[in-house]
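The values are calculated or read from the model by the stated rules, or taken from the named source; none is laboratory data. Note that the coordinates shown come from a computational prediction; the quantities given were computed from them, not determined experimentally. A quick note on method: Cβ atoms are made from the backbone with ideal geometry, for glycine too, and the neighbour counts reach across all protein chains shown.
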Amino acid sequence: MNYEHDLFIELNLKKRTPINLINNLFGRELGTNSCTLYMTDTFSDYSNRNEQIKFNLMKRVYLSVYPSYSVLNVKMPNCFIRRFSPDGRYIIAFNQHLNGIQIFLFKGSSAGLEDLHNINSRIPQDKTDSDDVESDQFRYKAFDTYFKETANLRLTENNELIHRECALFYKNSYLIVASSVIVNEENLPSYEQIASNNEAIHYNIMENYTIYLVDIKKAIICDKIKFTADKINLTHNQSLSLFKNVFAVLSQQNQTIHIYYIMPTLNQDSSTISFKFVLAKQIGRFCFSDDLDYIQRPILNQFNSKVKSTPYSESPRFNRRQKFASIPSTKGYCENCFTGIKQRIISFFYKEALENNTLSQFYLNFNDILKLRMYKMQLLDDRYVLIKYGNLDHMVTQKSSIIITNRVTNSQISSQNNPSISVNPSSSQNPTINLSSETTQTSVTNIPVVLNENTVPFFFVLYDTKTATVMSVLKNTSADMLKIYENLQDYFSLATLDGFSAENEQEPYGSSFNFHTLASNNLYANELLARHIKMILKTNTTNEMTKCLLSQLPISSQSYTTTPYLDHSLYSYDEKLISNLERPKPIGDQIIKFNMRETGRLCFRLYPGLQMTNNQQNPQSHLTFKRLVAFIWHPREPFCISVQRASNEYNVNFHVYCKNNLI
């Protein structure tokens with residue numbers, strides 16, 4: 001009689017799968033590992049999600065191999081490390097002048113095993129010792145041990161600086177980065193170029209932007225896009241979105257979404273293929289490419305009838321001058337009608353109010369609807385765009401300033417000589433209208449504001465780019481929108497992962513292994529979200545909780561880490577210190593512990609900050625603030641880089657695999 005078997009049945013226990021490297025390697029090879037990946041019922045009917053779960057069953061091998069050793073304060077070259085390529089072969093860095101990129105080849109996490117074995121042969125540790133000579137020597141050569149520089153490519157010109165927090169990967173070998181430079185008042189273009197429609201936001205500070213498409217294997221610039229005197233939010237790719245080969249850019253100033261296709265083209269030698277940006281459409285003033293023809297048609301008909309009724313003169317010069325002087329203007333900032341996308345939003349609100357018999361409320365809020373402006377956007381797929389609209393009064397602060405009239409007069413006089421520097425629509429039509437003998441004049445300038453999205457009201461607009469239709473408009477207090485986000489969180493978070501591509505033709509846009517555990521597809525992540533909601537509801541109302549959760553939408557492209565060590569089904573860790581969202585965390589010198597999900601046993605620890613000994617401790621260190629730490633994980637191997645930036649300090653730690661482990 002098998003008493004052990006009967007005891008397992010009586011206590012409803014499940015026999016634990018052996019956790020050792022040999023067993024996990026055999027299980028990964030044979031595909032027989034039973035990984036504890038608990039799914040919710042959200043995607044039970046989606047076969048494509050179930051196929052991706054098979055790859056998660058192979059992740060069990062990462063329970064035996066993990067970054068258990070921290071190399072503190074690594075000696076770095078003069079560059080800023082950004083991120084690994086999707087296949088993990090390269091790591092991208094910006095040079096110290098922020099005018100180019102440096103490409104390093106990753107040699108593998110096993111490149112430093114021999115050196116680490118020699119260091120830990122005497123006393124096993126899980127971090128380098130500052131008093132040990134061998135540890136100090138390894139810190140100086142650690143970067144060259146794991147990385148090899150393959151290219152140093154200059155990108156920018158005309159004093160433009162690359163934005164360090166903006167980087168997107170297309171496939172495995174193409175990088176999208178952006179640079180910007182502030183435009184001087186003397187170099188401002190014409191007002192028609194600054195304001196392309198009547199909803200343009202006139203910021204006080206404008207910049208010239210350049211977006212580059214770089215082939216990191218060949219170290220060449222494939223293509224670039226320029227935006228003159230514009231305002232694009234490049235922080236964490238907030239105004240950029242990439243889905244497969246569809247690339248979108250949101251111009252906050254011109255309130256226009258520019259949609260490009262990354263298309264392969266033959267080079268001049270007709271022997272090699274490179275990728276280029278091809279403009280497909282612009283959503284803003286118009287929604288279709290032929291909308292301008294419909295607008296100009298009645299204007300031209302009216303003009304033709306007026307020309308026919310005008311008496312003919314014998315002077316050809318007078319007739320030619322009269323003809324061009326009578327043509328009505330079709331400039332965007334002169335129009336009194338709504339833009340194409342705003343007209344569709346107003347129509348949606350009107351039809352909804354008409355159906356619900358709330359037209360009086362619609363007319364009451366009509367002025368607030370007119371003030372809505374695009375704040376963020378995200379490509380959900382190659383057809384649908386999620387746009388976040390905010391009130392214009394919340395997006396900018398108007399600051400009054402006293403300007404000497406003589407200075408204003410001089411600028412207006414110069415604008416008469418050179419119309420390209422006129423930025424005032426009224427002065428462009430009548431340059432002498434503001435000339436006066438007053439000593440001072442009050443002007444209003446708009447300054448962009450970093451919004452607190454937890455409190456400010458927003459609207460989410462689902463827009464179909466193929467049919468130019470507004471599918472739905474929901475407020476950031478909508479319970480339906482919150483339910484959609486909770487149940488379909490991976491559709492928002494993982495949509496941009498399709499830009500990660502394999503080299504074969506079977507998976508042209510990405511590997512299914514790049515799959516995260518989120519609240520919509522993992523039980524443990526769902527429990528964390530429920531705990532977070534309960535904590536918010538203790539001190540806030542339901543509407544405030546909904547605003548807080550929906551403030552994450554739209555989610556920036558490629559903002560989630562693809563490492564298996566942040567998989568909730570494998571490890572448990574403190575999400576206040578580290579998460580799969582690529583954002584700096586206020587950690588300071590705290591140690592991050594990773595426990596095995598099945599047993600609760602401590603597996604490894606990360607030392608992200610500048611760890612000090614007792615002799616180096618500052619007596620007032622408890623009064624200092626926690627420094628922000630950013631993590632750069634390798635997508636496959638047990639390798640992680642923690643970067644701590646504070647004022648002039650730039651501390652980098654490597655977290656690598658070492659078989660001589662203290663734990």
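Taken over region 127-138, the criterion of being assigned to a loop (DSSP other than H, G, I, E, B) and either hydrophobic (A, V, I, L, M, F, W, C) or in contact with a strand residue (DSSP E or B) (Cβ under 6 Å, 6 or more places away or on another chain) (or both) is satisfied by Thr128 alone.
When region 198-210 is limited to residues that are assigned to a strand (DSSP E or B) and not charged (D, E, K, R), the one that is surrounded by the most Cβ atoms within 10 Å (Cβ to Cβ) turns out to be Tyr209. Residues of region 75-87 include none that is at pLDDT below 85 and outside any strand (DSSP E or B). Within region 62-88, being over 20 Å from Ser642 (Cβ atoms) and crowded, with 17+ Cβ neighbours inside 10 Å holds for Leu63, Pro86, Asp87. Residues in region 453-475 that are assigned to a strand (DSSP E or B) and of a type in the set (S, T, N, Q): Thr469, Ser472. Of all residues in region 135-155, those that are within 11 Å of Gln102 (Cα to Cα) have Cβ atoms under 9 Å from Cβ atoms of residues that are polar (S, T, N, Q) and surrounded by fewer than 19 Cβ atoms within 10 Å (Cβ to Cβ), 6 or more apart or on another chain, in Asn152/Asn95; Arg154/Asn95; Arg154/Asn99; Leu155/Asn99.
Quick one: what pairs do we get from region 595-611, first residue closer than 15 Å to Pro67 by Cβ and assigned to a loop (DSSP other than H, G, I, E, B), second at pLDDT 90 or above and of a type outside the set (Asp, Glu), C-beta under 6 Å, 6+ apart or different chains? Close Cβ pairs satisfying both conditions: Pro608/Ser642.
Candidates in region 139-154 are the residues that are of a type in the set (D, E, K, R) and in a strand (DSSP E or B); of these, the one that is farthest from Glu114 (Cα to Cα) is Arg154.
Checking Lys217, Lys244, Lys224 one by one, the residue that is within 24 Å of Arg89 (Cα to Cα), surrounded by fewer than 20 Cβ atoms within 10 Å (Cβ to Cβ) and basic (Lys, Arg) is Lys217 and no other. In region 555-573, what count of residues is obtained for those that are within 24 Å of the chain's Cα centre (by Cα) and either modelled with pLDDT of 90 or more or not in a loop (DSSP other than H, G, I, E, B) (or both)? Going through region 555-573 one residue at a time, the tally reaches 4. Please determine whether any residue of region 464-471 is closer than 22 Å to Ser241 by Cα, charged (D, E, K, R) and modelled with pLDDT of 90 or more. Scanning region 464-471, I find at least one residue that is closer than 22 Å to Ser241 by Cα, charged (D, E, K, R) and modelled with pLDDT of 90 or more, so the answer is yes. Filtered by the rule that a residue be more than 18 Å from Phe459 (Cβ to Cβ), in contact (Cβ under 8 Å) with a residue 24 or more places away in the chain and of a type in the set (A, V, I, L, M), region 542-576 gives Leu566, Leu570. In this structure, is Asp132 more than 26 Å from Ala248 (Cβ to Cβ), in contact (Cβ under 8 Å) with a residue 12 or more places away in the chain, more than 27 Å from the chain's Cα centre (by Cα) and surrounded by fewer than 16 Cβ atoms within 10 Å (Cβ to Cβ)? Answer is yes for this residue. I'd like to verify a number: residues in region 166-210 that are among the polar types (S, T, N, Q) and under 22 Å from the mean Cα position of the chain (by Cα), how many? Looking only at that region, the number is 6.
Of the residues in region 345-357, not one is among the polar types (S, T, N, Q), modelled with pLDDT under 90 and part of a loop (DSSP other than H, G, I, E, B).
Return a yes/no flag: does region 165-176 have any residue that is free of Cβ contacts under 8 Å to residues at least 12 places away in the same chain and assigned to a loop (DSSP other than H, G, I, E, B). Within region 165-176 (the criterion being free of Cβ contacts under 8 Å to residues at least 12 places away in the same chain and assigned to a loop (DSSP other than H, G, I, E, B)), the answer is no, since none of the residues qualifies.
Across region 179-197, a minimum of one residue is classified as surrounded by 18 or more Cβ atoms within 10 Å (Cβ to Cβ), within 24 Å of Phe277 (Cα to Cα) and at pLDDT 90 or above. Residues that are in contact with a helix residue (DSSP H, G or I) (Cβ under 9 Å, 6 or more places away or on another chain) and modelled with pLDDT under 90 were ranked within region 628-639; the one that is farthest from Ile91 (Cα to Cα) is Arg636.
Every listed requirement among (1) surrounded by fewer than 16 Cβ atoms within 10 Å (Cβ to Cβ); (2) at pLDDT 90 or above is met by Ser110 save one, (2). Cβ separations smaller than 6 Å between residues 6+ apart or across chains give the following pairs from region 182-193 residues that are under 15 Å from Phe227 (Cβ atoms) to residues that are among the β-branched types (Val, Ile, Thr) and crowded, with 16+ Cβ neighbours inside 10 Å: Leu188/Ile421; Leu188/Val423. Residues that are part of a loop (DSSP other than H, G, I, E, B), surrounded by 16 or more Cβ atoms within 10 Å (Cβ to Cβ), under 32 Å from the mean Cα position of the chain (by Cα) and among the hydroxyl-bearing types (Ser, Thr, Tyr) do occur in region 155-163, at least one of them. Kindly indicate whether any position in region 258-274 is within 23 Å of Gly390 (Cα to Cα), among the hydroxyl-bearing types (Ser, Thr, Tyr) and modelled with pLDDT of 90 or more. No, the conditions are met nowhere in region 258-274. Take region 223-234 and flag every residue that is modelled with pLDDT of 90 or more, of a type outside the set (Asp, Glu) and either touching a helix residue (DSSP H, G or I) at 6+ places or on another chain (Cβ under 6 Å) or over 19 Å from Ala195 (Cα atoms) (or both). Once the filter is applied, which keeps residues that are modelled with pLDDT of 90 or more, of a type outside the set (Asp, Glu) and either touching a helix residue (DSSP H, G or I) at 6+ places or on another chain (Cβ under 6 Å) or over 19 Å from Ala195 (Cα atoms) (or both), region 223-234 yields Lys224, Leu234. Can you find a residue that is of a type in the set (Lys, Arg), within 26 Å of Asp87 (Cβ to Cβ) and either at pLDDT below 90 or buried (at least 19 other Cβ atoms within 10 Å of the Cβ) (or both) anywhere in region 604-627? The answer is no, given that none of the residues of region 604-627 is of a type in the set (Lys, Arg), within 26 Å of Asp87 (Cβ to Cβ) and either at pLDDT below 90 or buried (at least 19 other Cβ atoms within 10 Å of the Cβ) (or both).
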